[in-house]
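Heads up, the thing below is written out as structure tokens.
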């Protein structure tokens, strides 16, 4: 089907790409696989839509340039310095061993020496784009195995640039009377001169230029694209290849403060233009050649899917990491890279590779990228199956990760798995309620921050079955997981059941359907971070306008009450709450997350955040509401303390005037909370943590009598005859 019109051909190609991409997304496949399939469909082997490939090649060249430009943006000197010996050593060893073994496999398959080297190098590299996307979706990019995997990928990206430069130096066109050594020397001199000029610009010109350009985000992005394409064209003119020039362009901007802004805005443009490279690649493939090399492709794919992870696991095991970290890090590199395809195309352009070798590399890419995606998505389940046989990849004492643990954790009332913003907020609120908390996370930096605050923490992941051997479950009342992934929550519930945990379990979920599944699995409370926050915000707004809502105001025998997270009845069935027996009250309806449940039966389970509509005598409803919102009493080991509110004058506290509440850190120093700030001329106002306190200010403090007494004791240095520094609020 030939249109003879480039615009119509591109338009129809984009339509096919959108449809195939939607199918690939449904199959949870990266777009790279879909785009290569589109190339096969629109090329000569399929519908023959592309009859004017020059336009496709131009767009493909710009897409590759932007890809290398974005890679260069991420390789600033700070990143290289902080890469760490582990990622550096693992990356170099993996590249070296994989290349050597790959050459042996390719040679045994009957390939000549040069083709074997190209194929071996191609299967060495892994896809940074795919791995970072999958790990980010699973929220594992900051986990230890995620950091190691990304470090290895950065080493691979640097290596592939060096390989491209070498291919250009030894395989580029040269004069008939010019020797190979002279040609390579000429390319080296040109390259060094090119780097010298760009380095001067990067230090002297580009920082100031980006500050000026950043006044307009659109101009900043346009300038970034122009810089990438201009240096790519310059590299091409110097015989260095456009890929090298684009990479140098990105690296020259990597140390500027706007590299993240440029890179994030270019991702969509890069992916769109990179589509044409894969379409062009797929359109050039001969299906008959793919069939002829399919057996070799299966052997090389098995090496990539199994051999590369085993190599990484062996290296990390020798370096002292646990088998789970080794397995997940190795699994992340079990595919070949988009750079492998670019390198293959470069080999074809310089005459080193034939179309059959390029087809072989592409087939390996389709197989490994497609299968490794599912392997990474279901990595936790794979590890659970294979864990009994993975001990061989772990030292007797995995000292690197053992050092991250702080020994046997203390007894805890609540074990929190996940110390991000949501989990960290739960920890702080539990500490304010005098609960003993032990935190669990797989981010070493997060663990270090909490450890510095004196909170006992454990390195681990909820999907790791070995973690439960180290958790202080004995005596714990609650285990809370903030990971929204349903597979992780199911693994957690399964292992807690196996160990006979008698406390309650709260897990996060994203949808109501997932919540129903987790309730059947045994979850006592479902956490919905965004839905709960939105509902609480709406409750706060509507309560401020009308405390009981429209329904409760029109009928004196009806009242509305919100079941808070501290209510002793949160998580219980309606049958467990003696409303009818004690108060003669009945639950008419329950509102939860925008859904209303009318006439809930006795087996209906109540959750924090539920809004209950009660019916009964007005005086009885008041007592019923107090009963429902009552906070769990402290454990018998803890002495109950009263709660008081007092007003304190800043003038009575030496050294407080002129300082901010943030600097005074009253919750940390005295265990009290500032409810409001008042002056002699103003009404009570919400405390501003960054406003300096004045002599005439009065602080309304809440806390236990003992903690408030500590504040009064701090009023030393006040002059005799000064007004009383503290008095009960409202007196």
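Each value in this text was obtained by applying a stated rule to the coordinates, not by laboratory testing. Please read all numbers here as calculations on a predicted model, not as lab measurements. Every residue, glycine as well, gets a Cβ built from its backbone with ideal geometry; the counts of neighbours run over all protein chains shown.
Counting only C-alpha contacts under 8 Å and six or more residues apart, can you give the relative contact order of the stretch 433-475 as a whole percent? Each step should come with its number before you reach the end.
Numbers: 35 pairs, mean separation 15.1, N = 43.
Rounded, it is 35 percent for the stretch 433-475.
When the chain is fully extended, how far beyond the present Cα-Cα distance does residue 310 get from residue 23, taking 0.36 nm per residue of separation?
Taking 0.36 nm per residue and subtracting the Cα distance, the gain is 100.1 nm.
Beta carbons within 10 angstrom, averaged per residue: use that to sort the peptides 206-218, 246-258, 610-622, highest first. Numbers along the way, then the final one.
Numbers: 206-218: 13.7, 246-258: 22.9, 610-622: 17.6.
Ranked from most to least packed, the peptides come out as 246-258, 610-622, 206-218.
Which FRET efficiency value, to the nearest 0.05, do you get for residue 265 and residue 298 by plugging their Cβ-Cβ distance into 1/(1 + (r/R0)^6) with R0 = 51 Å?
On the way: r = 41 Å, r/R0 = 0.79.
It comes to 0.80.
Label points 7 Å out from Cα along the Cβ direction at residue 395 and residue 469: separation in nm?
Placing both labels 7 Å beyond Cα along the Cβ direction yields 1.8 nm.
Could you list the residues of the stretch 567-591 with an amide nitrogen less than 16 Å from a label point located 7 Å from the Cα of residue 629 in the Cα-to-C-beta direction?
567-570
Grab the Cα-Cα distance for residue 573 and residue 421, subtract it from 0.36 nm times how many residues apart they are, and report the gain in nm with one decimal. Don't skip to the end; give the middle numbers.
Values: separation 152, 0.36 × 152 = 54.72 nm, distance 3.03 nm.
In short, 51.7 nm is gained.
Pop a pseudo-label 7 angstrom from the Cα along the beta-carbon direction at both residue 654 and residue 511 and give the gap in nm to one decimal.
Spacing of the two 7 Å Cα→Cβ label points: 6.4 nm.
What is the calculated FRET efficiency for residue 611 to residue 237, with r their C-beta to C-beta distance and R₀ = 60 Å, to the nearest 0.05? Walk me through the numbers before you get to the answer.
Numbers: r = 70 Å, r/R0 = 1.16.
Using R0 = 60 Å, I get an efficiency of 0.30.
Can you give me the C-alpha center-to-center distance between the stretch 324-359 and the stretch 103-176, rounded to a whole angstrom?
Centre-to-centre distance over Cα atoms comes out at 6 Å.
Peptides 444-452, 158-166: what's the order by average Cβ count within 10 Å, highest mean first?
The packing order, highest mean first, is 158-166, 444-452.
Which distance in Å, rounded to a whole number, links the C-alpha centroids of the stretch 229-251 and the stretch 364-382?
First find each Cα centre; the distance between them is then 33 Å.
Using a 10 Å cut-off on Cβ atoms, rank the peptides 332-343, 579-590, 225-236 from the highest mean neighbour count down.
On the way: 332-343: 26.2, 579-590: 17.1, 225-236: 20.6.
Output ranking for 332-343, 579-590, 225-236: 332-343, 225-236, 579-590.
Please give the direction-averaged projected area of the C-alpha convex hull for the stretch 404-527, in square nanometres with one decimal. Mind showing how you got there, number by number?
On the way: hull surface 27.7 nm².
For the Cα atoms of the stretch 404-527, the hull's average projected area reads 6.9 nm².
Could you work out how far apart the two model spin labels at residue 453 and residue 678 are, taking each label as a point 7 Å from the Cα in the direction of the beta carbon, and quote it in nm?
Taking the simple label geometry, residue 453 and residue 678 are separated by 3.2 nm.
Above 33 Å lies some portion of the pair distances; for the stretch 6-385, what is it as a whole percent of all C-alpha pairs?
Numbers: 21256 of 72010 pairs.
Of the Cα pairs, 30 percent sit more than 33 Å apart.
Over the stretch 91-164, what is the relative contact order in percent, taking alpha-carbon pairs closer than 8 angstrom and at least six residues apart? Walk me through the numbers on the way to the answer.
Values: 56 pairs, mean separation 25.3, N = 74.
Here the relative contact order equals 34 percent.
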